[in-house]
Amino acid sequence: MSRLVYMLNGPNLNLLGKRQPHIYGHETLADVERDCRALAAELKLDLVFQQSNREYEIIDWIHEARETACGLVINPAAFTHTSVAVLDALNTFDHPVIEVHISNVHKREEFRHRSFVSLRADGVIAGCGTLGYQLGLRRIAQLLDQAA
Ligand code: DQA
């Protein structure tokens with residue numbers, strides 16, 4: 001089986017480190033990618049790491065992952081709360097999906113409490129800062145090892 005994991009990031013996460021640092025912290029998305037690549041190497045996983053502000057690109061990457069990947073970690077950002085299209089795409093993916101939020105969405109505005117993506121996710125990590133991405137990757141590795 002492939003050991004390829006897709007890590008996808010939704011809108012505004014390109015501004016991580018600059019955007020509302022009191023909520024999202026000072027680390028940039030490049031820092032997150034660097035740390036996740038190091039962890040992926042340790043876990044013997046290959047990693048595709050992407051970010052887009054465009055819903056269709058996220059959907060296209062999920063379709064791509066469908067063909068090649070054995071797991072998916074996704075921070076859909078605002079699409080979490082709005083996108084049936086992202087949920088539908090994830091429902092075509094047959095391997096583990098972990099949803100990550102840097103902030104604790106449940107402690108924030110009510111509209112952030114609803115997640116379409118959680119209807120598909122096998123696990124949800126929220127409020128652990130950018131460490132959540134690494135936790136998501138570790139969970140995928142664990143699920144793959146259990147399935148092997
Ligand atoms: C977020 C939480 C979302 O509500 C928000 O729209 C984001 C980031 C998080 O990582 O905490 O853009 O997904």
Exercise for review: Note down the relative contact order for the chain as a percent, whole number, built from C-alpha pairs under 8 angstrom at least six residues apart.
Suggested key: 27
**Study point:** Summed residue charge, Cβ within 15 Å of Val105's Cβ, Lys/Arg positive, Asp/Glu negative
**Key:** +1
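Based on the Cα gyration tensor of the chain, what are the three equivalent ellipsoid semi-axes, each the root of five times an eigenvalue, rounded to whole Å and given largest first? Walk me through the intermediate numbers first.
On the way: eigenvalues 95, 64, 39 Å².
Ellipsoid semi-axes (Å, largest first): 22, 18, 14.
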Practice item. Rank Gln51, Gln20, Gln134 by mean-square fluctuation in a GNM of the chain with C-alpha springs under 10 angstrom and give only the top-ranked residue. Key: Gln20
Check your understanding: On the accessible surface of the chain, probed at 1.4 Å, how many percent belong to carbon and sulfur atoms?
Key -> 50
Check your understanding: GNM on the chain, C-alpha springs below 10 Å: top fluctuator among Pro21, Pro11, Pro96?
Key -> Pro21
Study note, to complete from the structure: With only helices counted (DSSP H, runs n ≥ 4, each -39500 (n - 2.57)), the per-residue ellipticity at 222 nm for the chain, to the nearest 500, works out to -11500 deg cm²/dmol
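Give me the accessible area per residue for the chain, probe 1.4 Å, as a whole number in Å². The partial results should precede the final answer.
Numbers: 7300 Å² over 148 residues.
Heavy-atom accessible area per residue stands at 49 Å².
The values are calculated or read from the model by the stated rules, or taken from the named source; none is laboratory data. Bear in mind the structure is a predicted one, so any value in this text is a computation, not a measurement. Every residue, glycine as well, gets a Cβ built from its backbone with ideal geometry; the counts of neighbours run over all protein chains shown. The accessibility values were calculated without ligands, DNA or RNA, using every heavy atom of the protein model including side chains. Shrake-Rupley method; radii C 1.70, N 1.55, O 1.52, S 1.80 Å.
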